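Readers should treat all values here as calculations from the given coordinates under stated rules, not as data from a laboratory. Please read all numbers here as calculations on a predicted model, not as lab measurements. Neighbour counts run over all protein chains shown; Cβ positions are idealised from the backbone, glycine included.
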Amino acid sequence: MVEQAIINDCNDLIKSCRTLILATAGETASHSSYAPFVFVDRKFYVLVSGLAEHTNNLINAEKKIGCMLIADESQSAQIFARKRLMFKSKPVQVESDSLQRSEVLQIFKHRFGDIVEVLNSLPDFILFELKPEQATLVKGFGDAHDLTDTIFEQVI
């Protein structure tokens, strides 16, 4: 019963959020940013500009990056305890001429509209796959749950 509630909360966050918060490391400092995402086969995908600082950090990531989905402030009963899903991931660049990229970009277009075709036509936009590892769902004060692979396999 508790496991199903955790799965439902993860699904709700993934469905309600349109952007993913990224924590990456550069040469001299850490960097926080965000990117619109799609969730396909239990992996997140972000389409980002090569001109953005986080993209270079994703390309050169020697360690895992941090990612977070967080409930909208206006929908949170307690601002100090917003529901959030956090995970680590090793970014993987999706090849520009691959079937995988074409399929994922179709999902992006369905979710975000024609702007995706414009972005895809620009030479600096790169698609990254982020497979969640070491995921944690925080539902509130004292209510955090480390997600096992078994649980995460049941998410959407």
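Here are a few things to note about the model shown:
- A crude spin-label estimate for the pair residue 144 and residue 73, with each label 7 Å from Cα along the Cβ direction, gives 2.3 nm.
- Residue 122/residue 3 FRET efficiency (R0 30 Å; Cβ-Cβ; nearest 0.05): 0.10
- Calculated mean residue ellipticity, 222 nm, the chain: -8500 deg cm²/dmol, from DSSP H runs (n ≥ 4) at -39500 (n - 2.57) each, averaged per residue and rounded to 500.
- Residue 27 sits among other residues whose Cβ lies under 15 Å from its own Cβ, and their net charge, with Lys and Arg +1 and Asp and Glu -1, is -1.
- Between residue 42 and residue 15, the modelled labels are 2.0 nm apart [label points 7 Å from Cα along Cα→Cβ].
- Per residue Cα convex hull volume in Å³ - calculated over the stretch 1-148: 129
- Using the Cβ-Cβ distance between residue 134 and residue 114 with R0 set to 30 Å, the FRET efficiency works out to roughly 0.25.
- Only Lys, Arg, Asp and Glu carry charge here, each on its Cβ (+1 for the first two, -1 for the last two); on that basis the chain has a dipole of about 240 debye about its Cα centre.
- In this rough spin-label picture, where each label sits 7 Å from Cα along the Cβ direction, the residue 53-residue 28 distance is 1.0 nm.
- When the pairs 63/83; 43/90; 109/139; 83/109 are compared against a 23 Å limit on Cα-Cα distance, 63/83; 109/139; 83/109 fall above it.
- P(r) histogram, all alpha-carbon pairs of the stretch 1-77 included - 10 Å bins from 0, percent: 16, 44, 29, 11, 1
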